[in-house]
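Just below is one structure, and these are the notes that go with it.
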Amino acid sequence: MSRHFPAKTLISITFNDGTTGEHTGQRLNVLYDEALATFRLGNNMDAKGFNRNDQRIHRRNAVEHVLVEAGMAP
């Protein structure tokens, strides 16, 4: 997931066990932002995604997968 969804868009997710869930774009955007913040914190990056202590600058610091579970609050 590399972008935010429109807040009122209804998104249907089908899980591996066959169950489905519907969530708003706003809910998935919040989950995406939390996953991105956790990723950056775990990799010692600042809020913009740069590691200020490293000699190299990371241009790509994206979260490809966001944790969702069957039965989570919409």
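Among the numbered conditions (1) at pLDDT 85 or above; (2) touching a helix residue (DSSP H, G or I) at 6+ places or on another chain (Cβ under 7 Å), tell me where residue 12 comes up short.
Evaluating residue 12 over (1) at pLDDT 85 or above; (2) touching a helix residue (DSSP H, G or I) at 6+ places or on another chain (Cβ under 7 Å) leaves (2) as the failure.
Provide a single number: the residues in segment 10-19 that are under 17 Å from residue 73 (Cβ atoms), surrounded by 10 or more Cβ atoms within 10 Å (Cβ to Cβ) and of a type in the set (S, T, N, Q). Let's see the steps before the verdict.
Here is the first cut: in segment 10-19, the ones under 17 Å from residue 73 (Cβ atoms) are 10-13, 15, 19.
The next check asks that each one be surrounded by 10 or more Cβ atoms within 10 Å (Cβ to Cβ); those that pass are 10-11, 13, 15, 19.
Next, from what is left, pick out any that are of a type in the set (S, T, N, Q): 19.
Within segment 10-19, residues that are under 17 Å from residue 73 (Cβ atoms), surrounded by 10 or more Cβ atoms within 10 Å (Cβ to Cβ) and of a type in the set (S, T, N, Q) number 1.
Answer yes or no as to whether residue 64 is open to solvent by 90 Å² or more (accessible area, probe 1.4 Å) and modelled with pLDDT of 85 or more. Break it down stepwise before answering.
On the way: open to solvent by 90 Å² or more (accessible area, probe 1.4 Å): yes; modelled with pLDDT of 85 or more: no.
For residue 64, the condition - open to solvent by 90 Å² or more (accessible area, probe 1.4 Å) and modelled with pLDDT of 85 or more - is not met.
Restricting attention to segment 21-33, which residues are open to solvent by 60 Å² or more (accessible area, probe 1.4 Å), farther than 14 Å from residue 67 by Cα and in contact (Cβ under 8 Å) with a residue 24 or more places away in the chain?
Listed by number, the list holds a single entry, 22.
Could you tell me which numbered condition residue 51 fails, if it satisfies all but one of (1) of a type in the set (S, T, N, Q); (2) at pLDDT 75 or above; (3) surrounded by 12 or more Cβ atoms within 10 Å (Cβ to Cβ)?
The number of the failed condition is (2).
Criterion first (open to solvent by less than 60 Å² (accessible area, probe 1.4 Å) and either at pLDDT 85 or above or basic (Lys, Arg) (or both)) does residue 40 satisfy it?
On the way: open to solvent by less than 60 Å² (accessible area, probe 1.4 Å): yes; either at pLDDT 85 or above or basic (Lys, Arg) (or both): yes.
Judged against the criteria, residue 40 is a match.
The values are calculated or read from the model by the stated rules, or taken from the named source; none is laboratory data. These numbers come from a predicted model, not from an experiment. All Cβ positions, glycine included, derive from the backbone under ideal geometry; neighbour counts span all protein chains shown. Please note that ligands, DNA and RNA were not included when accessible areas were found on the heavy atoms of the full protein model with its side chains. Shrake-Rupley method; radii C 1.70, N 1.55, O 1.52, S 1.80 Å.
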